[in-house]
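Single-structure report; data block below.
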Amino acid sequence: MSNPLPKTVDPYRLAGTGAELRGRLPLAAMKRLASRLAVAEGEVDVSLAFGIDADHTRYIRGSYSAALQLVCQRCMEAMVFPLRQTVRLGMVTGEAGKADLLPGHYEPLIIEEDSLNLVELVEDEILLALPIVPMHDQKACAISLESLCDAPATAAAETHKPFAKLSGMIKAQNK
Ligand SMILES: [Zn+2]
């Protein structure tokens, strides 16, 4: 399972033989993704099955997973983001216009010159799956929501008092 995957494959040949690829790709090889990571270390576990379905669509189905180190946008520290996604890709040859003919349950994958770059494929998939604004869970973050609210709030403290009273009343009622 821990073998490195080839960087490029012939997707039509693999679909024709019903091949399965399982292995790992290094995150360090994914340059576009690297700018979104705190540390571009580690690998992506990839499992892909190639084949041809009853509609004669050549497909790639499978999944990938990785523990990515993203940058929390609240405290700017690294955070581990476990990512696990499935893929359902239908191969489209050459011009993108043929993507319209694909059955709806496939994402189009445009193949040029009988060659597929697995690193770029997985990198594209990961980029689409990343959260737009990654953040720690509140409890795990170095900057708590309270500290964000309290810091400039001395002037506004007066307005918070009615709510403090109210929550006290609610607690009393619930006893
Ligand atoms: Zn954080």
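The values are calculated or read from the model by the stated rules, or taken from the named source; none is laboratory data. None of these values were measured; they are calculated from a predicted model. Cβ atoms come from the backbone with ideal geometry, glycine included; neighbour counts cover every protein chain shown. Just the protein is used for accessible areas: all its heavy atoms, side chains included, with ligands, DNA and RNA removed. Shrake-Rupley method; radii C 1.70, N 1.55, O 1.52, S 1.80 Å.
Values for this structure:
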item: Probe 1.4 Å - accessible area at D114, Å² to nearest ten; result: 90
item: Cβ-derived FRET efficiency at R0 41 Å, V71 paired with L101, nearest 0.05; result: 0.50
item: Net lengthening on full extension, L130/D10 (0.36 nm per residue, minus Cα-Cα); result: 40.4 nm
item: Residues A19 and L83, FRET efficiency given R0 of 25 Å [Cβ-Cβ distance, rounded to 0.05]; result: 0.55
item: Interchain or long-range residues, amide H under 5 Å from I110's placed H; result: V92
item: Estimated FRET transfer efficiency when R0 is 45 angstrom, pair A140-I110 (beta carbons, to 0.05); result: 0.70
item: Under 12 Å, Cβ to Cβ, from L116 - net charge with Lys/Arg +1 and Asp/Glu -1; result: -3
item: Sequence-separation-based contact order of region 8-136, relative, with Cα cut under 8 Å and 6+ spacing, percent; result: 25
